[in-house]
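Colleague: Provided herewith is a single structure, encoded as structure tokens, for subsequent inquiry.
The values are calculated or read from the model by the stated rules, or taken from the named source; none is laboratory data. From a predicted model like this one, the values you see are computed outputs, not experimental measurements. Every residue, glycine among them, receives a Cβ derived from its backbone with ideal geometry; neighbour counts consider all protein chains shown. Ligands, DNA and RNA are excluded from the accessible area calculation, which covers all protein heavy atoms including side chains. Shrake-Rupley method; radii C 1.70, N 1.55, O 1.52, S 1.80 Å.
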Amino acid sequence: MRPRTSFLLLALSLFALGLALSWPRPGEEEGVRPRRVGALPEMGVVVAARDIEYCGYHTPCGPGSRTDTIFYVRLRGGEARALAIPRDLYSPMVGGKINAAYARGGAELLKRAVEEATGLVVERHVILTLESVARMVDAVGGVEVYLERPMRYTDRAAKLFIDFPAGRLHLNGEEAVKYMRFRHDALGDYARLDRIKGVVSQVLKKAQDPRTWPAVTLALREAWRELDTDLSLEEVLAHLPGIRGLRLSLATLPTQEGKGTFLYVDERAKAQFLAAWMGMALPSSPPQVPVRLRGERDLILWGQALLAREGVEVQVEEAEVARSAVYAKDLEAGGYFAELFHLPLLVPHQPVPGVVVELGRDLVQ
């Protein structure tokens, strides 16, 4: 089994941050400095991560040609909606799995294959490497995760050793990449995509803290050299003003199992999902859905008080929460409570009854 990289919709916003902070000061160098005029333009971007190519046993040759993590990201003003696309999705345009598109036709074929799968327009692309993903996580001081059971996997040929105990863990960049690459559980790639979505939301939140900016800037200067992107500097910088208030929603393209190891787009579910996802408008009053708060007691009490002012009754559950987020299958209901709590909306693969609001210590750090 070859190692597989993971991640990262976050690139666009973080690269904008790093480039702007490292942009020459007046007098150092003359150049075009784009100014934000009016609303930010809407843009569809494919963000993907390349795996590692191995020439032989324990012999990495550098970034590989497969993109085992693929996101379609729609930027719209101060909002980013990201759609994870399973690596095993069959693409008629590619004639095989969509993760082979980059190898067969570069970024352009990958963009067209994503358009074919989603029916959405792709204007730009950002292709990351494994090293740049790890740098991003390290730049924000790592991430917190909570494992209900140990996570173990060994691939000696690729020198991949995953051995995490159950419980609350703080992961550095290298460890976070291992955590996101793991897919040897009952839900396979679906669970992997949910883990990636959780890490993405956490890193983005930390990147909004100015205290992380010096480290982020240094990491991005190195990572920029490894990028494959058709974004211009002016386009990237134009999105900088929205990073601190960026609203993030992460979901997975609806698919169904097919022959062999292929997944196929669930066309009926996709049409319903995308109609809601792309046209999502937040309700003006609290949706009538079950709401559950999970977290430590003091955070639950705070959440209850906030929801009581909205006239919302909730169920509560004291639990260990590594990262704060809102989980829901109902996009409008989830979006309402995500906006209320100023948290990312994560749409998991597994069913969620109503809306679950998880409140962790990251809220008060």
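Colleague: Which one is most open to solvent (accessible area, probe 1.4 Å) among residues in the stretch 164-174 that are within 23 Å of the chain's Cα centre (by Cα) and not small (Gly, Ala, Ser)?
Modeller: The qualifying residue most open to solvent (accessible area, probe 1.4 Å) is Glu174.
Colleague: Restricted to the stretch 175-190, and to residues that are at pLDDT below 85 and either over 15 Å from the mean Cα position of the chain (by Cα) or aliphatic (A, V, I, L, M) (or both), which residue is surrounded by the most Cβ atoms within 10 Å (Cβ to Cβ)?
Modeller: Out of the qualifying residues, it is Arg183.
Colleague: Out of (1) in contact with a Pro (Cβ under 6 Å, 6 or more places away or on another chain); (2) free of Cβ contacts under 8 Å to residues at least 40 places away in the same chain, what's the single condition that is false for Ala100?
Modeller: The failed condition is (1).
Colleague: Could I ask something else about it? Among Phe262, Phe273, which is the only one that is without any contact (Cβ under 8 Å) to a residue 60 or more places away in the chain and of a type in the set (Phe, Trp, Tyr)? Give the steps one after another, and end with the answer.
Modeller: Working: Phe262 fails: without any contact (Cβ under 8 Å) to a residue 60 or more places away in the chain.
None of the other options fit; the residue is Phe273.
Colleague: For Glu115, work out the one condition from (1) of a type outside the set (Val, Ile, Thr); (2) under 21 Å from the mean Cα position of the chain (by Cα); (3) surrounded by 17 or more Cβ atoms within 10 Å (Cβ to Cβ) it doesn't fulfil.
Modeller: (3)
Colleague: Which residues, taken from the stretch 276-290, are under 25 Å from Val46 (Cβ atoms) and touching a residue at least 24 places away in the same chain (Cβ under 8 Å)? Please lay out each step first, then the result.
Modeller: Initially, the stretch 276-290 is screened for residues under 25 Å from Val46 (Cβ atoms), giving 276-280.
The answer is Ala276, Trp277, Met278, Met280.
Colleague: Right, next: From the list Ala338, Ala333, Ala328, Ala305, exactly one residue is on the phi < 0 side of the Ramachandran plot, among the small types (Gly, Ala, Ser) and surrounded by fewer than 21 Cβ atoms within 10 Å (Cβ to Cβ). Which is it? If you could, list the steps in order and put the result at the bottom.
Modeller: On the way: Ala338 fails: surrounded by fewer than 21 Cβ atoms within 10 Å (Cβ to Cβ); Ala333 fails: surrounded by fewer than 21 Cβ atoms within 10 Å (Cβ to Cβ); Ala328 fails: surrounded by fewer than 21 Cβ atoms within 10 Å (Cβ to Cβ).
None of the other options fit; the residue is Ala305.
Colleague: Being part of a strand (DSSP E or B) and not aliphatic (A, V, I, L, M) is the filter here, so list the residues in the stretch 110-164 that pass it. Even if it seems obvious, please write down each step before you answer.
Modeller: Taking the stretch 110-164 first, the residues part of a strand (DSSP E or B) are 124-128, 143-147, 151-155, 160-164.
Arg124, His125, Glu144, Tyr146, Arg152, Tyr153, Thr154, Asp155, Phe161, Asp163, Phe164 - these are the residues of the stretch 110-164 that are part of a strand (DSSP E or B) and not aliphatic (A, V, I, L, M).
Colleague: I need every pair where a residue in the stretch 291-302 that is farther than 15 Å from Leu343 by Cβ and modelled with pLDDT under 95 has its Cβ under 6 Å from the Cβ of a residue that is surrounded by fewer than 19 Cβ atoms within 10 Å (Cβ to Cβ) and of a type in the set (Asp, Glu), sequence separation at least 6 or different chains.
Modeller: Close Cβ pairs (under 6 Å, with a partner that is surrounded by fewer than 19 Cβ atoms within 10 Å (Cβ to Cβ) and of a type in the set (Asp, Glu)) amount to Arg297/Glu318.
Colleague: Regarding Ala251, is this residue surrounded by 17 or more Cβ atoms within 10 Å (Cβ to Cβ), of a type in the set (A, V, I, L, M, F, W, C), closer than 25 Å to Leu75 by Cβ and modelled with pLDDT of 80 or more? Step through it out loud before you land on a result.
Modeller: Values: surrounded by 17 or more Cβ atoms within 10 Å (Cβ to Cβ): yes; of a type in the set (A, V, I, L, M, F, W, C): yes; closer than 25 Å to Leu75 by Cβ: yes; modelled with pLDDT of 80 or more: yes.
Considered against the rule, which asks whether it is surrounded by 17 or more Cβ atoms within 10 Å (Cβ to Cβ), of a type in the set (A, V, I, L, M, F, W, C), closer than 25 Å to Leu75 by Cβ and modelled with pLDDT of 80 or more, Ala251 comes out as yes.
Colleague: In contact with a His (Cβ under 8 Å, 6 or more places away or on another chain), closer than 28 Å to Pro254 by Cβ and surrounded by 15 or more Cβ atoms within 10 Å (Cβ to Cβ): is that true of Tyr146 in this structure? Talk me through it step by step, then tell me what you get.
Modeller: Details: in contact with a His (Cβ under 8 Å, 6 or more places away or on another chain): no; closer than 28 Å to Pro254 by Cβ: yes; surrounded by 15 or more Cβ atoms within 10 Å (Cβ to Cβ): yes.
For Tyr146, the condition - in contact with a His (Cβ under 8 Å, 6 or more places away or on another chain), closer than 28 Å to Pro254 by Cβ and surrounded by 15 or more Cβ atoms within 10 Å (Cβ to Cβ) - is not met.
Colleague: Return yes or no: is Ala191 without any contact (Cβ under 8 Å) to a residue 60 or more places away in the chain and among the small types (Gly, Ala, Ser)?
Modeller: Values: without any contact (Cβ under 8 Å) to a residue 60 or more places away in the chain: no; among the small types (Gly, Ala, Ser): yes.
When the stated conditions are applied, Ala191 does not pass them.
Colleague: Same structure again: Quick one: which residue in Glu28, Glu123, Glu108 is at pLDDT below 80 and either of a type in the set (Lys, Arg) or open to solvent by 50 Å² or more (accessible area, probe 1.4 Å) (or both)? Can you show your working first?
Modeller: Details: Glu123 fails: at pLDDT below 80; Glu108 fails: at pLDDT below 80.
Every option except Glu28 fails the conditions.
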